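Notes follow once the structure below has been shown.
Any read-out appearing in this document is the output of simple, stated calculations on the displayed coordinates, not a laboratory observation. The model shown is predicted, which means the values in this text are computed figures rather than measured ones. Please note: Cβ atoms are built from the backbone with ideal geometry, for glycine as well, and neighbour counts cover all protein chains shown.
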Amino acid sequence: MLSWVVIGTAGVHGLTDSAKHGLDTPVKSTRDLEARIVVCGGGGFIGGHLLRHLREQGYTRLRSVDIKPLREWHQKFSDVDNLVLDLKEKSACYQALQGASQVYNLAADMGGMGFIEHNKGLCMLSVLINTHLLQAARELGVERFFYASSACVYNGEKQTDPNVTALREEDAYPAAPEDGYGWEKLFSERMCRHFREDFGVETRMARYHNVYGPFGTFEGGREKAPAAICRKVIEAKVSGKHEITIWGDGSQTRSFMYIDDCLKGTQAILESSILEPINLGSSELVSINDLVGIVEEIAGIKLRRSYDLGAPKGVRGRNSDNTLIRKYLGWEPSTKLRDGMELTYRWIHDEIARRSR
């Protein structure tokens, strides 16, 4: 008999049993704290937070898999089965999923816009990870498989104005995603769908919109805008050079989702019967100029701004339409950007100070 783990929805407030599963009737489920849960990409930013969250809920058979050496993992835990494997290799995927009940596939070669625009081939190679993990999940009897997709799958023609209309799930087609990274994510979504339809693998998919928070990358070329701006403001303050360079003209807009909201939504979507990819992101739209202003306010400083119009800057505007997630889950990401950025800034500030000692 098939049974699967319900990962707790503590913190997803106001959900009825039926609403949180996206069904008219509640899903019968059991909470098995000893079932094997595998987090692929567990050495990364989101994966590390997810493992911490699962441990706090009492899950005792967690496995974390990442290609990076252990010393480079964002978070690691001694009571977790930590494996260093290259999940582009088929044999590694079978090793990673042995005995697994649930799999979170967060693994990908990616970063912020600077990395994505200059490493399209590397981003495309991540298709091997999802392909081989799905094959292993099918043959090894994995009960639930979560795939972390991205808002980069959306048609670029719908993102040419900073005053963008929030993107609905159907706006991914006709397909014209972000070159490289977006195409890989869109293709992998289709593969998850067809493995469910053809082979019975219970796949669930969320399109992440710009996740940020403490324990993330903030230097080295893979960082995203919130962390990069925090770092630049801190460096300007410490150095006494009160200036900052902004990529693009600063009027481009985005929404940014705090990590706690990402975790809540990810778990609720895994538990649900939402079969198609669904947005998981904040609907609080902000320009890059205004994001810099938020960080300046947190830091208590005002900087001279210059603009690098030749730098990677992505689409002009992108925001998350949360109609469907509210319909299915009775919830949406709600952490205010100012609140999440203050927590993120404080963590990056402390990390920079610690490294300089």
Can you give me the Cα centroid spacing of segment 46-112 and segment 200-247 in angstrom? 22 Å
Inter-site label distance for Ser251 and Asp161 at 7 Å from Cα along Cβ, in nm: 1.3 nm
Counting only DSSP beta bridges fully inside the chain, the antiparallel percentage to nearest 5 is 10 percent
For Asn82, which sequence-distant residues (separation of 5 or more, or a different chain) have an amide H within less than 5 Å of its own amide H, given hydrogens modelled in the peptide plane? Ser64
Extent of segment 237-319 along each principal axis, from alpha carbon coordinates, in Å, largest to smallest? 52, 27, 17
Structure shown: which of Lys120/Lys185; Lys90/Lys120; Lys264/Lys313 lie over 24 Å apart, alpha-carbon to alpha-carbon? Lys264/Lys313
Measuring from the lowest to the highest alpha carbon on each principal axis, how far does segment 143-276 reach, largest first, in angstroms? 60, 32, 23
Can you list the residues of segment 318-357 with backbone N under 17 Å from a point 7 Å past the Cα of Lys237, pointing along Cα to Cβ? 338-357
In degrees, nearest 10, range 0 to 90: what is the angle between the Cα axis of helix 225-239 and the longest Cα principal axis of the chain? 40 degrees
Quick one: what do you get for segment 42-103 if you divide its Cα Rg by 2.2 N^0.38 Å? 1.06
Mean residue ellipticity at 222 nm from the helices of the chain, using -39,500 (n - 2.57) per DSSP H segment of n ≥ 4 over the full residue count, to the nearest 500 deg cm²/dmol? -11500 deg cm²/dmol
With Cα springs under 10 Å, the Gaussian network model of the chain assigns the largest mean-square fluctuation among Arg304, Arg254, Arg346 to Arg304
Surface/4 estimate of mean projected area, convex hull on alpha-carbon atoms of segment 176-235, nm²: 5.9 nm²
What is the gain in length, in nm to one decimal, between Thr323 and Asp339 on full extension, counting 0.36 nm per residue of separation less the C-alpha to C-alpha distance? 3.4 nm
Given H placed 1.01 Å from N in the peptide plane, which residues other than close sequence neighbours of Leu167 have an amide H under 5 Å from its amide H? Asn319, Ser320, Asp321
Report the calculated FRET efficiency for Ser91 and Met191 (r = Cβ-Cβ distance, R0 = 22 Å), to the nearest 0.05. 0.70
